[in-house]
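Everything on this sheet refers to the single structure shown next.
Coordinate-derived values only; no laboratory data. The structure presented is a predicted model; accordingly, all values stated were derived computationally and were not measured. Here the Cβ positions follow ideal geometry from the backbone for every residue, glycine too, while neighbour counts run over all protein chains shown.
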Amino acid sequence: MGDNLFSPALDRILPATERYFGKSTIHFPPIPLAAPSTMKVIITGASGVLGRATTRYFHSKGDTVVPLSFTRSGPSDSLSLPAYQKLDLLDFEATREFFQAQNSESHVDVIVHCAAERRPDVAEQDPERAEKLNKDVVKLVAELAEQLECLMIYVSTDYVFDGKNPPYKPADKPNPLNLYGHLKEAGEQAVLSSRQTSKHPDQVGKGSIVLRVPLLYGEVEYNSETAVNIFVDVIQDQSGKTYKMDHFAVRFPTCVEDVARVMYDLSRQYHFFFLHSSTSVADYFPRSNLPSARVDHSKPLPPIVHFSSQKGYTKYEMTRLIASFMNLPIDHVIPDTTDPSTLPNQTVQRPGNTQLSVEALENDVGISAKEDKGFERWWKEWAEKHSANKA
């Protein structure tokens, strides 16, 4: 570190030490900062299941978080968290004004873009709105990130792949099967175009990053918030109604809390290596998430990274496992082993296996892809907690 609080003292000490020891014998190592600096982070879609987990995680690390929501304003689900700022991202002029005003108050370091139409069936039903939200808004936010000179993390999906040749690496060519996947890929292209036109293409962390994730689960306000938590409603419906559950496609359910941690680590890596490259690494990362010493951190962060659990389940297997923790029978849930691609008149085609490789995240970026709990432990603890609450 060339400049620090001790520089004046070193200027007085060095001449004397050099006379005694010689110039080549004395080396003063960099003096790390006593505590890490914090970031200002804007999170879109902050009232959603991933947005809430991301808000909680960044806030727990002491960062200044600005959570955005179209459907809500005022206090969040926890009094300890910052209040939601209401913003309609489809109102481009209002969005520009809001981001610029936030940056005028204090520099924005990171934008985490969680807002999206995440439901493939809904995207098919209202393609115009889905295109605006999953493509046009992404392009706008990427442009704003470039103007504000901050990092943007764009949350994309494994559905950009066709599921025929897993596991998929970040550089593999997308081939989406449905409109949702096509629109998320279009959002990716908007982000990557913004990165290519960056005014600082050679600086670490400048521009935007695409983070592809798979099927998500976590703490929800209602079970249909995720395509995994909804299985709880199916399991609890003991009315005699029967359900067909896919037992063909393999999914890799991943906890939103783990995704939030990875986004935090990416943000810290950007913040540390771009803004404070001379500060001690240990001051910026939790010991369990220290960047790998094998990684060349002088290189910019890659344009696309993957994060996913590596343990696969069919939807029926997930349902059966969750039911076992809830001590409820699922005789009313019928496993369906039919390949959906063979069925006529499918409204939304879904890929069979879109496993995302996490090798690049660990080996090239140096961020741990280890899950905190994993699917089975998380749901076991969830069932125990909810059982205790009922008692």
Sequence-distant or interchain residues sharing an amide H contact under 5 Å with Ile153, placed H: which?
Ile111, Val112, His113, Ile209
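So for Lys385, Lys184, fewest C-beta neighbours within 10 Å to most, what's the order?
Sorted ascending by nearby Cβ count, the order is Lys385, Lys184.
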Residue by residue through the stretch 127-138, what is 3J(HN,Hα) from phi via Karplus (6.51 cos²θ - 1.76 cosθ + 1.60, θ = phi - 60°)? Round to whole Hz and write x for glycine and proline.
x, 5, 5, 4, 5, 4, 7, 8, 10, 5, 5, 4
Mean Cβ-within-10 Å packing, highest first, puts peptides 133-145, 150-162 in the order 150-162, 133-145
Run the paramagnetic zone check for Ser104: 7 angstrom along Cα to Cβ, then residues of the stretch 144-177 with backbone nitrogen under 20 Å.
144-150
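Would you kindly calculate the mean projected area, averaged across all directions, of the convex hull enclosing the Cα atoms of the stretch 42-173, in square nanometres? Could the numbers behind the result be given before it?
On the way: hull surface 37.6 nm².
Projected area, direction-averaged: 9.4 nm².
Can you sort Ile334, Ile235, Ile111 so the residue with the fewest Cβ neighbours within 10 Å comes first?
Values: Ile334 12, Ile235 22, Ile111 26.
Going from sparsest to densest Cβ surroundings: Ile334, Ile235, Ile111.
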Under a 5 Å amide H to amide H cut-off, with H placed in plane at 1.01 Å, what residues pair with Val333 once short-range neighbours are removed?
Tyr243
Gain upon complete extension [Lys311, Asp233; 0.36 nm per residue less C-alpha separation]
25.7 nm
Can you tally the net charge around Lys132? Count Lys and Arg as +1, Asp and Glu as -1, for every other residue whose Cβ sits under 14 Å from the Cβ of Lys132.
-3
Over 19 Å between Cα atoms, which of Lys311/Lys373; Lys40/Lys61; Lys40/Lys139; Lys169/Lys315 qualify?
Lys40/Lys139; Lys169/Lys315
In the neighborhood of Lys169, defined by Cβ-to-Cβ distances under 15 Å, what is the net charge if each Lys or Arg adds +1 and each Asp or Glu adds -1?
-4
Once both labels are modelled 7 Å past Cα along the beta-carbon direction, what's the Asp126-Leu321 spacing in nm?
3.3
